[in-house]
Every structure is written in structure tokens, then in C-alpha cells.
């Protein structure tokens, strides 16, 4: 049986009261499969209580083919921000991932015990305990941590040109393993998505050689350095996730002349 993840039973961590690097907001993305719109993703970042935050994505099919053959995915994390050496670090508390397909449901859930440096993990294949390490994130809070790091580094010079020397490595707890993933710099780029035109920065998230979950990623300052576009290519299949709207945007997005 899947665990019920709730915030009401937590004791709030003792953290300094500082403004969060990313404000609470809601965004919507359109999912394209080989150029055809097939779904939407709702992204919500909100406070669960005074110190704990909740981030969630819901992916739903919008085309008949996608509804028939595709899957609906929910991802969610509870976490708090902790200031470390002048930077804001995500400290995960729980994570869960549920993928519903015709005739099959797959899931995994983590509860972090930072004192013992382990997680209690439950998947559709059973339970296990996984050793964890400091500055660990999950696939969802990885986006928040990258955005926070970019905001810190580029706050005083948003036009700085990033190079391969600025590639970043993160420790990520995926389904049942801790692995190091790399965010590789690709450069500045103009990006047009349903939400408008953005002066973006292009990265590549490398998980492992041959992984179908490696993807290209574009972020923008007007979105607090969160994704405006993600593209995953697997052979002849290309899945593109593009920003359609967000509370963070003031009016329509336009690129600099």
C-alpha cells in the first residue's frame, strides 16, 4: 500500500527566516510529442506551513491518442530551504512519483531521515532503505536547486556568459539509487514558447550515457531561472515541454531587441 504523505505531522525544522529564492506560484506547460500538443503540466510551488514548502507537478493528457496510449504522472516533494555558506539549499523531506498507464501503475516514495542519513523508500516492487548524503535532491527539487544556484551566481550580472567551466554536478535520489547528474552549459539562446519569447540560457541535464531521461533545458530570469522549455529525445521520439503561462510573468514575455 502506498504511503499517505502529509505535512500535518511534521515538526517544523529550525531554519532562519529568510526570503525564499523562488516565490510561491503556479505555472502551466504544454506537452508536445513530435510537434503535436498531447498534454499539459500544472506546476505548483506553495508553502505547506511556516517553514516547509510543497512543490507538485500533474501531467494530464489532452489528445485522444495520448489519453488512450499515454500515462498521467504526478510528482511531489516537501522540503525546506536552508542557508549554507550564503546559498539557499533544498533539504528534501518527502518525494513521491506516480505514473498511471492503462493496466499499470508505477510509483516510488521517499521519506528522508537526515539524522540517520537514510530514506525509507517504498516502490511498486517493495520497500528498502537507501543511504543518502548531504546536498541531495530529487528529480523535481533538482530544478529548484539549479534555479536557486543560478539566481545566486547571476544576481549581480544576469548577462554573464556561462561556459563549460560552469557545468554543475548534483547528487540526485531517483527511484532506488543515488547518482550524480550533471547540468552542462550550452550557452545563451532565444526561446519562443506559447508563453512568449524569452532570452534564455540553455543547459543539458545528463543522467547517464544512453538514458532516455537526459534532456535539454532552457531557463530564464523572468521565470526565476525555472524551466521555460525542456526537450527529451529518444530515437525518433521527441517530447517537448513548453511554458504556456505563469504567475511569475508580468504580461506577455518578449525578447530583448
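The values are calculated or read from the model by the stated rules, or taken from the named source; none is laboratory data. Here the structure is a predicted model, which means the values were calculated and not measured. Cβ placement follows ideal geometry from the backbone for every residue including glycine, while neighbour counts extend to all protein chains displayed.
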Filter the stretch 20-31 for residues that are buried (at least 17 other Cβ atoms within 10 Å of the Cβ) and at pLDDT below 95; the one that is farthest from residue 241 (Cα to Cα) is 21
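Rundown of residues vs (1) over 14 Å from the mean Cα position of the chain (by Cα); (2) closer than 15 Å to residue 43 by Cα; (3) crowded, with 17+ Cβ neighbours inside 10 Å, yes/no style:
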position: 196; (1), (2), (3): yes, no, yes
position: 211; (1), (2), (3): yes, no, no
position: 218; (1), (2), (3): no, no, yes
position: 233; (1), (2), (3): yes, no, no
position: 246; (1), (2), (3): yes, yes, yes
position: 253; (1), (2), (3): yes, no, yes
Kindly indicate whether any position in the stretch 11-19 is modelled with pLDDT of 80 or more and either in a helix (DSSP H, G or I) or buried (at least 16 other Cβ atoms within 10 Å of the Cβ) (or both).
no
Looking at the stretch 60-90, which of the residues that are in contact with a helix residue (DSSP H, G or I) (Cβ under 9 Å, 6 or more places away or on another chain) and either buried (at least 20 other Cβ atoms within 10 Å of the Cβ) or closer than 24 Å to residue 23 by Cβ (or both) is modelled with the lowest pLDDT?
86
Return yes or no: is residue 96 under 17 Å from residue 43 (Cα atoms) and in a strand (DSSP E or B)?
yes
Pairs where the first residue, in the stretch 133-159, is within 16 Å of residue 86 (Cβ to Cβ) and the second is assigned to a helix (DSSP H, G or I) and modelled with pLDDT of 95 or more, C-beta under 9 Å, 6+ apart:
135/145
Would you say residue 143 is part of a strand (DSSP E or B) and closer than 23 Å to residue 74 by Cα?
no
For residue 227, the lone unmet condition from (1) more than 17 Å from residue 140 (Cβ to Cβ); (2) touching a strand residue (DSSP E or B) at 6+ places or on another chain (Cβ under 8 Å) is (1)
Residue count, the stretch 100-132 (criterion: in a strand (DSSP E or B) and without any contact (Cβ under 8 Å) to a residue 12 or more places away in the chain):
6
Name the pairs whose Cβ atoms lie under 6 Å apart, with the first residue in the stretch 207-221 and within 17 Å of residue 150 (Cβ to Cβ), the second at pLDDT below 90, and 6 or more positions between them or separate chains?
221/158
Please go through the stretch 108-145 and give me each residue that is in contact with a helix residue (DSSP H, G or I) (Cβ under 9 Å, 6 or more places away or on another chain) and modelled with pLDDT of 95 or more, ordered by number.
137
